[in-house]
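J.: Sharing a structure with you now.
Values quoted throughout were computed directly from the atomic coordinates according to the rules given, and no laboratory measurement underlies them. Nothing here was measured: the structure is a model prediction, and the numbers come from that model. Cβ placement follows ideal geometry from the backbone for every residue including glycine, while neighbour counts extend to all protein chains displayed.
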Amino acid sequence: MDFEGIPVDSFVGPDSPFDIEVVGAEVSVLVKQILRASQMLEAGNTEEVSFKSEKMTTIVRVIDTNYFVALTMAPDSNAGKGRYALRLLAPQFKAELT
């Protein structure tokens, strides 16, 4: 997804209760704000953002200045495995987008 909320590609499981495009658009707003805060604090580049709610866990991995990948899953899913998968796949995604 790009930081304007436009999906490059998506996959939705058959039992997902959420509209992934709406989730992605809302997440892009949140991630942009976090990127700006990180810059203002001179904390370095943001690599990952995650949040957990009652009905979902979302992990965002920043690919570059234009794109990020988001993984949304059930709140009882293995978030560590999701984080690991995104960290491993991010270089491949970056290569495909550039």
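J.: Enter the angle in degrees (range 0 to 90, nearest 10) between the Cα long axis of helix 20-40 and the first principal axis of the Cα atoms of the chain, meaning the one along which they spread out most.
T.: 30 degrees
J.: Sorted by average packing, counted as other Cβ atoms within 10 angstrom per residue and highest first, what order do 44-56, 28-40, 10-22 take?
T.: 28-40, 44-56, 10-22
J.: For Ala79 and Val22, calculate 0.36 nm times their separation in residues minus their Cα-Cα distance, and state this gained length in nm to one decimal.
T.: Net length gain for the segment: 18.4 nm.
J.: Moving on. So if each residue of separation counts as 0.36 nm, and I subtract the Cα-Cα distance between Glu96 and Phe51, what length gain in nm does that give?
T.: Values: separation 45, 0.36 × 45 = 16.20 nm, distance 2.65 nm.
So the extension gain works out to 13.5 nm.
J.: Now a separate question. Can you give the charge dipole size of the chain about its Cα centre, rounded to the nearest 20 debye, using +1 on the beta carbon of Lys and Arg and -1 on the beta carbon of Asp and Glu?
T.: Once rounded to the nearest 20, the dipole reads 340 debye.
J.: Run down the aspartates and glutamates and flag those whose C-alpha is under 18 Å from the C-alpha of Lys32, throwing out any fewer than 8 positions away in its chain.
T.: Asp2, Glu4, Glu21, Glu42, Glu47, Glu48, Asp64
J.: Right, another one. Work out the charge dipole of the chain with +1 on the Cβ of Lys and Arg and -1 on the Cβ of Asp and Glu about the Cα centre, then indicate which of Gly44, Asn66, Gly13 is farthest towards its positive end.
T.: Working it through, the farthest residue towards the positive pole turns out to be Gly44.
J.: Which of the lysines could a cross-linker span from Lys55 if the Cα-Cα distance has to be under 21 Å and same-chain partners fewer than 8 positions apart are dropped?
T.: Lys81
J.: May I pose another question? Can you show me the helix-derived [θ] at 222 nm for the chain, built from DSSP H runs with n ≥ 4 at -39,500 (n - 2.57) apiece and divided by the number of residues, rounded to the nearest 500.
T.: That calculation yields -14000 deg cm²/dmol at 222 nm.
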